[in-house]
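Read the structure below first, then the notes.
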Amino acid sequence: RSGPRTGGREEPISLWISNLHYDVRSEELRRLFGRYGRIRDIYLPTDFYTKQPRGFGYLEFLDIRDAEQARRALHGYCLYGREISVMYAAGSRKSSDQMRTRDSNQNSPNDKKRKG
């Protein structure tokens, strides 16, 4: 079996949902994913400068078993005409300051690898 293991305990776990239509709202994701268990948090990142949705989101379940059920059932689900991908999120949620720093560093000329 793939995915995080918790030794049978209840433990919050986040799912990463990609290929979201830009019109999808957290309330719609809560209705869709909430069928599988209690949701603690939903986060739909927006571009720091344009404030437009980025087309992906994070959804945190209170129980890993509910997250696994939702992942299996909804990976490949068609939402607003798009087939969404549902995977376990890697790492922890970033703050808006961390994302702004990351985005600006990606565009920085100093970010290129040096040959030596």
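The values are calculated or read from the model by the stated rules, or taken from the named source; none is laboratory data. Being a predicted model, the structure only gives us computed values, none of them experimental. Every residue, glycine among them, receives a Cβ derived from its backbone with ideal geometry; neighbour counts consider all protein chains shown. Surface accessibility is based on the protein's heavy atoms, side chains included, excluding ligands, DNA and RNA. Shrake-Rupley method; radii C 1.70, N 1.55, O 1.52, S 1.80 Å.
Residue ranking by accessible heavy-atom surface, 1.4 Å probe, largest first, among Leu62, Leu29 comes out as Leu62, Leu29. Modelled this way, with points 7 Å down the Cα-to-C-beta line, the labels at Ala73 and Arg31 are 1.6 nm from one another. Shown are His21, His75, whose ranking by accessible area with a 1.4 Å probe and every protein chain present, most to least, is His75, His21. Which whole-number percent is the relative contact order of segment 22-80 (Cα, under 8 Å, 6+ apart)? Across segment 22-80, relative contact order equals 32 percent.
Phe33 sits with roughly 0 Å² accessible to a 1.4 Å probe, with DNA, RNA and ligands left out of the calculation.
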